[in-house]
Amino acid sequence: MPDQSAEISHIETEQRTLTPALLRGWRRKCPNCGAGPLLKGYLKVNDGCSVCREDFTPQRADDGPAYMTILIVGHLMAPMLHFVFVTWRPEPLTLFTIFAVGCVGLSLYLLPRLKGALIGFQWAKGMGGFGDD
C-alpha cells in the first residue's frame, strides 16, 4: 500500500493551485497538504511539514507580511477613525484608546495569517526554491 502523504504530495506538486494554497496558508497550515502546521510559535516557520514532508526552507516572506498588515490595518482604521470622530466627537483619550487597541489587535491577528498566505502564494507559484523538484 503506497504512503498516503507521499501520494498527496505528488498530486499537489503537479497542480499547485493558488486558491487552496492561499487558504491553507491563511489557516497557518502546510500549503501542500493542509494538515501539518506551517508555523511554530507566532511567526517562526517550521523547516518542513510533519505530515507530507514538504520543505519550507525556500520561503522568503521577509517583510512582506508586515507591509501587507500595515496596508490593511491602515486602510481599515483610518476611514473608521475619521467617521467616528466626525460623527460622535469623542474625547481624544477615548478615541486614542479605542483605536490603539483596535490597531494592535487587528495587526496581531493578521500578521501570522498573512505570512502563511504569502508562503502559500510562493509555494503555489513555485517561487524561490519551491519550484525545484
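The values are calculated or read from the model by the stated rules, or taken from the named source; none is laboratory data. Everything numeric here is computed off the predicted structure, so don't read it as measured data. Quick reminder, even Gly has a Cβ in these numbers, built from the backbone with ideal geometry, and neighbours come from all protein chains shown.
Some notes on this structure:
- Residues in the stretch 112-125 include at least one that is of a type outside the set (D, E) and either over 13 Å from the mean Cα position of the chain (by Cα) or over 26 Å from T17 (Cα atoms) (or both).
- Residue in the stretch 42-50 that is in a strand (DSSP E or B), under 14 Å from the mean Cα position of the chain (by Cα) and not β-branched (V, I, T) present: yes
- Applying the set (1) more than 18 Å from G128 (Cβ to Cβ); (2) among the hydrophobic types (A, V, I, L, M, F, W, C); (3) without any contact (Cβ under 8 Å) to a residue 40 or more places away in the chain to C52 leaves exactly one unmet item: (3).
- Of all the residues in the stretch 28-38, those that are over 20 Å from K125 (Cβ atoms) and either of a type outside the set (G, A, S) or out of contact with any strand residue (DSSP E or B) (no Cβ under 7 Å at 6 or more places or on another chain) (or both) number 1.
- When the stretch 83-133 is filtered for residues that are under 15 Å from L71 (Cα atoms), aliphatic (A, V, I, L, M) and surrounded by 15 or more Cβ atoms within 10 Å (Cβ to Cβ), the ones remaining, listed by number, are L106, L110, L111, L114, L118.
- Residue in the stretch 21-32 that is of a type outside the set (D, E), at pLDDT below 95, in contact with a Ser or Thr (Cβ under 8 Å, 6 or more places away or on another chain) and part of a loop (DSSP other than H, G, I, E, B) present: yes
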